[in-house]
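A.B. asks: Take a look at the following structure, please.
The values are calculated or read from the model by the stated rules, or taken from the named source; none is laboratory data. Everything numeric in this text was worked out from a predicted model, so none of it was measured. For neighbour counting, all protein chains shown are included, and Cβ atoms are generated from backbone atoms with ideal geometry for every residue, glycine included. What goes into the accessible areas is simple: the full protein's heavy atoms, side chains included, and nothing from ligands, DNA or RNA. Shrake-Rupley method; radii C 1.70, N 1.55, O 1.52, S 1.80 Å.
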Amino acid sequence: MRRLFGETSEQILQTFEQNTREIQTQLETGFGKVDRLDGKVDRLDDKIDELRQLLARPALPSLEELLQPIEFVAELADYGSRFVQGTRDWVFDDLELWRNASGAGRCRVLLGGPGFGKTAIVAELCRRHRGRPVVLAVHLCRHDDVAKRDPRRMMRSLAYQLAQALPEYRELLEADLKQLAAQLDKADSNTLFSVLFLQPLAKVKAPNSRGLLLIIIDALDEAEHDLKNEMLTVIAREFSKLPDWIGVLLTGRPELRVQEKLRRLHPQELDADAHAADCDKDARLFLRSILESRVPAAQLDRDIETVAQKAGRVFLYLHFVRQRIQEAGPTVTVDALPDGLADEYEMFFERLCPDGRLERDMLRVLQAVLTAAKPLHIKEELPVLSGVPRSREILERLSQLFPVHDDKRLYIFHKSIADWLTGAAPFDDRDDESDYFVDRSDGHRMMADACIRVLKQAQSWAGNYAVRFAMQHCASASMWDAFGTLGSDLSLLSRRCEISDGAQLVLDYELADGTSAEAAVGPFARLLGKEMPIVSTQPDAVFQLALQQPDDSAPYKAWLKGKPYAQRFITWHNKPTQVDPCILSMQFQDGVMGFAQLPGRRYAVAVGSQEGPRKVEVRDARNGDLIDEFECKATCIAAGGGLFAVGCKDGTLKVWDAGVISTQIAFLSP
């Protein structure tokens with residue numbers, strides 16, 4: 001054995017056992033590594049599952065995507081380029097004095113007639129404070145753009161600008177974007193103001209800066225539509241609640257209804273008419289800057305005086321004068337210049353149509369742009385709605401007064417142009433016998449007919465426009481049969497809630513009040529008004545909600561006629577057969593403590609909590625819109641016999657005449 005193996009059997013056995021132990025150790029190590037690897041694989045599977053779940057969730061929008069701010073950079077730059085340095089110093093001095101004075105009030109209103117140059121002043125004010133935390137946010141209202149006269153869009157846009165200027169405020173808005181998104185979808189203008197401004201700004205420390213920080217809203221009069229100005233109502237009702245370090249600068253025409261509505265803000269007015277001498281001085285300074293190189297020195301003062309008299313302190317006219325002088329060459333004959341803004345517009349159209357009548361296609365283009373709810377896309381909307389398929393040459397001829405911007409949309413250079421063409425104030429001496437007159441009613445009728453044609457087509461570039469604004473054009477043209485047909489079409493109502501604000505649809509229904517269409521659309525207005533919290537987030541629910549109405553109701557019959565067969569519905573077997581007993585459904589952030597019906601289709605609701613602040617809100621019974629509100633200690637409310645009573649926690653009973661409750665009641669808080 002020793003000779004064969006060179007070692008004893010005991011040594012062989014020891015070697016074998018040692019080798020066995022080493023192999024076992026290696027196997028155990030390998031199994032441990034495998035176990036650890038299995039653990040890593042399991043953890044990786046868990047991570048993959050988490051990632052899948054995360055990807056399956058809808059991504060939260062950014063603050064910009066959520067608020068959808070309106071961009072004004074290009075407009076401010078354009079208006080700023082028209083400003084003449086050295087003019088309007090009296091305006092800027094006044095605003096700076098107001099901004100830095102203690103106890104001077106937090107609202108300033110700059111009033112000036114058409115063409116005064118209010119927007120150019122705003123643009124220059126923003127330029128002067130660029131890079132400094134003085135102008136926090138600015139909004140330019142436009143009469144021809146529904147988005148820029150919508151108070152909800154304005155508030156979202158202002159909130160985004162405030163978030164850019166105030167980091168602490170931005171952090172508060174971004175703390176819970178999911179909750180903010182849910183609130184924005186359902187909020188009326190009152191709730192939206194609370195969510196975007198009152199609640200977060202109350203937590204923001206006042207910036208360490210000198211004077212008021214400004215929110216500017218320009219051309220407030222241009223937010224009026226169908227004799228209503230919802231933006232003005234919101235500003236008058238809500239803006240006084242902003243922190244005391246924020247000032248509000250408003251501009252507009254000196255119209256009585258605007259001034260009366262703003263009284264609640266206790267504004268200080270800066271009226272151009274009260275500064276006639278300053279305006280004359282500015283006009284002459286402007287004219288000297290453009291005439292001194294074009295006319296002989298001996299006649300400069302005389303020519304300045306001649307043009308100043310023609311201008312009548314209207315800086316828009318001076319803008320057109322500057323254009324004419326630049327086009328005229330080295331010499332200028334000021335006597336040949338138009339006599340004021342109206343003459344400027346008439347001479348413009350005389351060059352295009354010398355016989356005093358607008359060409360057919362030009363008239364249709366003008367009717368479209370003057371009555372459109374927003375600037376029209378020149379390729380996707382204008383040809384369809386105006387009925388002029390090839391309008392390029394017309395647009396080139398009109399471009400001085402109706403420019404096409406980079407977004408390929410057709411704009412009105414200044415509201416006074418629309419006022420002159422349609423005979424609106426201050427050009428209300430014009431009528432259908434005047435040269436180049438455009439009848440708004442005819443324009444709305446043309447647009448309504450076009451929208452109805454578009455809605456009947458399966459595909460059209462102008463489809464979204466027709467869905468949103470067909471009812472408005474029908475109302476403006478007094479086409480009440482068509483209005484009733486559109487307002488009772490469930491498919492149209494569902495599409496309308498999908499692409500735009502459902503609350504605006506309820507406002508459109510109000511256009512039919514007192515007309516032959518009121519009976520036809522009334523049931524649909526009530527249905528959408530009370531179910532707005534649902535349809536604003538689930539537009540397709542319109543059909544299900546109509547199905548749940550009584551069998552004898554117009555919405556249910558409309559469902560039978562036009563129900564989508566691809567959609568499944570839940571039938572309510574024990575529903576009322578004739579009248580839906582639910583009149584209105586509203587959501588409040590705080591608890592509801594009392595309710596009372598008031599005269600004039602209004603109701604009052606006491607909201608709040610047992611320990612927290614309370615208030616009484618007066619709302620429109622048709623759509624739930626806030627009419628007025630006042631802080632109080634109400635625990636219950638009641639109405640009857642023409643009286644409105646509020647019972648308070650401290651034992652006080654307040655009784656008012658329910659027929660005259662108005663904004664004045666805000667200063668009678670119990």
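A.B. asks: Given the conditions (1) on the phi > 0 side of the Ramachandran plot; (2) in a helix (DSSP H, G or I); (3) of a type outside the set (Val, Ile, Thr), and given that Gly356 satisfies all but one, which numbered condition is not satisfied?
C.D. replies: (2)
Results for (1) within 25 Å of Ala202 (Cβ to Cβ); (2) part of a loop (DSSP other than H, G, I, E, B), shown as yes or no for each residue.
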{"position": "Val109", "(1), (2)": "no, no"}
{"position": "Pro114", "(1), (2)": "no, yes"}
{"position": "Ala120", "(1), (2)": "no, no"}
{"position": "Ala123", "(1), (2)": "no, no"}
{"position": "Ala137", "(1), (2)": "yes, no"}
{"position": "His143", "(1), (2)": "no, yes"}
{"position": "Ser157", "(1), (2)": "yes, no"}
{"position": "Gln161", "(1), (2)": "yes, no"}
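A.B. asks: If you don't mind, there's one more thing I want to ask. Please count how many residues of segment 548-557 are more than 18 Å from Met532 (Cβ to Cβ) and part of a helix (DSSP H, G or I).
C.D. replies: 3
A.B. asks: Scan segment 516-528 and tell me whether some residue there is open to solvent by less than 60 Å² (accessible area, probe 1.4 Å) and not in a helix (DSSP H, G or I).
C.D. replies: Yes, segment 516-528 contains a residue that is open to solvent by less than 60 Å² (accessible area, probe 1.4 Å) and not in a helix (DSSP H, G or I).
A.B. asks: State whether the residues of segment 169-179 include one that is at pLDDT 85 or above, surrounded by 16 or more Cβ atoms within 10 Å (Cβ to Cβ) and under 18 Å from Thr233 (Cα atoms).
C.D. replies: Taking every residue of segment 169-179 in turn, none turns out to be at pLDDT 85 or above, surrounded by 16 or more Cβ atoms within 10 Å (Cβ to Cβ) and under 18 Å from Thr233 (Cα atoms).
A.B. asks: Quick one: count up the residues across segment 184-209 that are open to solvent by 30 Å² or more (accessible area, probe 1.4 Å), outside any helix (DSSP H, G or I) and among the aliphatic types (A, V, I, L, M).
C.D. replies: Residues that pass the stated criteria total 2.
A.B. asks: Run Ala342 past the list (1) surrounded by fewer than 18 Cβ atoms within 10 Å (Cβ to Cβ); (2) in a loop (DSSP other than H, G, I, E, B) and report the number of the one that doesn't hold.
C.D. replies: It fails just one condition, (2).
A.B. asks: Go through Ser434, Ser441 for me and flag whichever is of a type in the set (Gly, Ala, Ser) and either assigned to a loop (DSSP other than H, G, I, E, B) or on the phi > 0 side of the Ramachandran plot (or both).
C.D. replies: Ser434
Matching residues to (1) in contact with a strand residue (DSSP E or B) (Cβ under 9 Å, 6 or more places away or on another chain); (2) farther than 14 Å from Cys107 by Cβ; (3) open to solvent by 10 Å² or more (accessible area, probe 1.4 Å):
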{"site": "Ala219", "(1), (2), (3)": "yes, yes, no"}
{"site": "Glu238", "(1), (2), (3)": "no, no, no"}
{"site": "Arg257", "(1), (2), (3)": "no, yes, yes"}
{"site": "Ser289", "(1), (2), (3)": "no, yes, yes"}
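A.B. asks: Yes or no: segment 493-505 includes at least one residue that is in a loop (DSSP other than H, G, I, E, B), open to solvent by 10 Å² or more (accessible area, probe 1.4 Å), under 26 Å from Leu547 (Cβ atoms) and modelled with pLDDT under 85.
C.D. replies: Yes.
A.B. asks: In addition: Kindly indicate the residue of segment 259-287 that is in a helix (DSSP H, G or I) and of a type in the set (Asp, Glu) and also most open to solvent (accessible area, probe 1.4 Å) among those meeting that condition.
C.D. replies: Going through the qualifying residues, I end up with Asp273.
A.B. asks: Identify, please: which residue in segment 87-107 is of a type outside the set (Asp, Glu) and in a helix (DSSP H, G or I) and is, among those, most open to solvent (accessible area, probe 1.4 Å)?
C.D. replies: Among them, the one singled out is Leu97.
A.B. asks: Taking the conditions exactly as written (among the aliphatic types (A, V, I, L, M) and farther than 28 Å from Leu366 by Cβ), does Ala519 satisfy them or not?
C.D. replies: yes
A.B. asks: Could you count how many residues in segment 291-321 are under 19 Å from Tyr345 (Cβ atoms) and either open to solvent by 30 Å² or more (accessible area, probe 1.4 Å) or in contact (Cβ under 8 Å) with a residue 40 or more places away in the chain (or both)?
C.D. replies: Residues that pass the stated criteria total 9.
A.B. asks: Need pairs with beta-carbon distance below 6 Å; first residue more than 14 Å from Ala165 (Cα to Cα) and within segment 205-232, second modelled with pLDDT under 90 and acidic (Asp, Glu); sequence gap 6+ or separate chains.
C.D. replies: Asp221/Glu255
A.B. asks: Is there a residue being in contact with a helix residue (DSSP H, G or I) (Cβ under 9 Å, 6 or more places away or on another chain) and under 15 Å from Ile246 (Cα atoms) anywhere in segment 169-182?
C.D. replies: Checked against the condition, which is being in contact with a helix residue (DSSP H, G or I) (Cβ under 9 Å, 6 or more places away or on another chain) and under 15 Å from Ile246 (Cα atoms), segment 169-182 yields at least one hit.
A.B. asks: Kindly establish whether Trp420 is within 21 Å of Asp144 (Cα to Cα) and at pLDDT 95 or above.
C.D. replies: The answer is yes for Trp420.
A.B. asks: So in segment 66-86, with the set limited to residues that are over 18 Å from the mean Cα position of the chain (by Cα), in a loop (DSSP other than H, G, I, E, B) and of a type outside the set (A, V, I, L, M), which one is surrounded by the fewest Cβ atoms within 10 Å (Cβ to Cβ)?
C.D. replies: The qualifying residue surrounded by the fewest Cβ atoms within 10 Å (Cβ to Cβ) is Gln85.
A.B. asks: Looking at the structure I just gave you, is Val365 buried (at least 21 other Cβ atoms within 10 Å of the Cβ) and either of a type in the set (Asp, Glu) or out of contact with any strand residue (DSSP E or B) (no Cβ under 6 Å at 6 or more places or on another chain) (or both)?
C.D. replies: yes
A.B. asks: Kindly provide the set of residues from segment 371-394 that are of a type in the set (A, V, I, L, M) and either farther than 17 Å from Phe413 by Cβ or out of contact with any strand residue (DSSP E or B) (no Cβ under 6 Å at 6 or more places or on another chain) (or both), ordered by number.
C.D. replies: Residues satisfying the conditions are Ala372, Ala373, Val384, Leu385, Val388, Ile394.
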